[in-house]
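Please read the structure below before turning to the comments.
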Ligand code: BJW
């Protein structure tokens, strides 16, 4: 029998124990800044320097040598390396911790903080420095149009075709460290329910927990390595 086909969806909770804040927890990002001020195309049009400031600070966090992938990122990378069947890791996170841990079959559906995009020519560039309204696009040389390569509210998430194809054929769907409040990612479990085994790994119950066949609560650095171990043992 061939190995089950797996789709894993991760959210901010998987990076929490590396030191990155989540969005909707009590100490999360949205408790400190308003979505409408920093995470919509309208906010960027209205006050681009404010939005750049918000993302420059978060990009600087990723450059900090102390920020490292944790045991959950590493376990998923190990699974990617040894799983003989289809596997796709879909992350909503804009950090680079999955890639740094070694995951290869990986899609960033909400973009990547270590990339910047030109709103004029659409070229996407690897980006580690701060952005400002005076930053020229390395491709078209225009200033005033560079933006973080992230997906704001009201914008279309990335790689949806590939994600949809993987969901269509998956036998196991695992959601890790996501509150399940942001669509379309929040709808993935309903899409596969009934034909794939669905598992939620989270610190605590979410509004969508009842949609999963199995739920396991605890910090990702504990639940994810344990779950990966079970999967690898089942081969
Ligand atoms: C731990 C842990 C530990 C903590 N271990 N766990 C009405 C109904 C339905 C949809 C809409 C609607 N009105 C508007 C919409 C659409 C909108 C939407 O969903 N809004 C909702 C708020 C209602 N969506 C969009 O606009 C999206 N685009 C779109 O829909 O396009 C149209 C379309 C049409 C048809 C098909 C497809 C598309 C775009 C959404 C963009 C989201 N962008 C952000 C910001 C990205 C850049 C940045 O980082 O700044 O993405 S918002 C933010 O939320 C970020 C995240 O990726 C996303 C999800 O958050 P996540 O990861 O779940 O984090 P939290 O904080 O919510 O949860 C953390 C969890 O971890 C918690 O559960 C904790 O318990 C847990 N945890 N510690 C394990 N140690």
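Nothing in this text is a laboratory measurement; each read-out follows from the coordinates by a stated rule. This structure is a prediction, so every number in the text was calculated from the model and none was measured. Cβ atoms come from the backbone with ideal geometry, glycine included; neighbour counts cover every protein chain shown.
Look at where the Cα atoms of region 58-88 and of region 144-194 average out, and the two centres are 18 Å apart.
Return a whole-number percent for the relative contact order of the chain, with Cα pairs under 8 Å and 6 or more residues apart as the contact set. Contact order relative to length: 24 percent. Remark: relative contact order (region 79-166) = 26 percent; criterion is Cα-Cα distance under 8 angstrom and separation of 6 or more residues. Normalised by residue number, the volume inside the convex hull of the Cα atoms of region 92-206 is 133 Å³ per residue.
Beta bridges per DSSP, both residues in region 50-192: antiparallel share near 75 percent. Put a dot 7 Å past the Cα of residue 133, heading toward its Cβ, do the same for residue 190, and the two dots end up 4.0 nm apart. When only alpha carbons of region 1-95 are considered, Rg and Dmax amount to 16.8, 56 Å.
Mind checking which of 42, 191, 207 has the largest fluctuation in a GNM of the chain, springs on alpha carbons under 10 Å? In this elastic network of the chain, the residue with the biggest mean-square fluctuation among 42, 191, 207 is 207. Evaluated at q = 0.17, 0.22 Å⁻¹, the base-10 log of the normalised Debye intensity for region 156-230, with identical point scatterers placed on the Cα atoms, takes the values -0.65, -1.04. Shape class for the chain, computed from the alpha carbon gyration tensor (a ≥ b ≥ c): prolate, with a/c not under 1.5 and a/b above b/c. For the pair residue 217 and residue 155, label points projected 7 Å from Cα toward Cβ lie 3.5 nm apart. The stretch between residue 60 and residue 230, if pulled fully straight at 0.36 nm per residue, gains 57.6 nm over its current Cα-Cα span.
To the nearest 10 degrees, how steeply does helix 71-82 sit against the main Cα axis of the chain, on a 0 to 90 scale? With rounding to tens, the tilt is 70 degrees. Between helix 220-233 and the chain, what is the angle of the helix's C-alpha long axis to the longest principal axis, kept within 0 to 90° and rounded to the nearest 10? Once rounded, the angle reads 50 degrees. Each stretch of four or more DSSP H residues adds -39500 (n - 2.57); spread over every residue of the chain, this sum gives -9000 deg cm²/dmol at 222 nm. Just to confirm the number: angle between the C-alpha axis of helix 160-169 and the first principal axis of the chain, 0 to 90 degrees, nearest 10? For 160-169 against the chain, the angle is about 0 degrees. Sequence-distant contacts, meaning Cα pairs under 8 Å at least 6 residues apart, place the relative contact order of region 94-231 at 16 percent. Here region 203-220 is scanned for amide nitrogen atoms under 15 Å from the site 7 Å beyond the Cα of residue 82 along Cα-to-Cβ, giving none.
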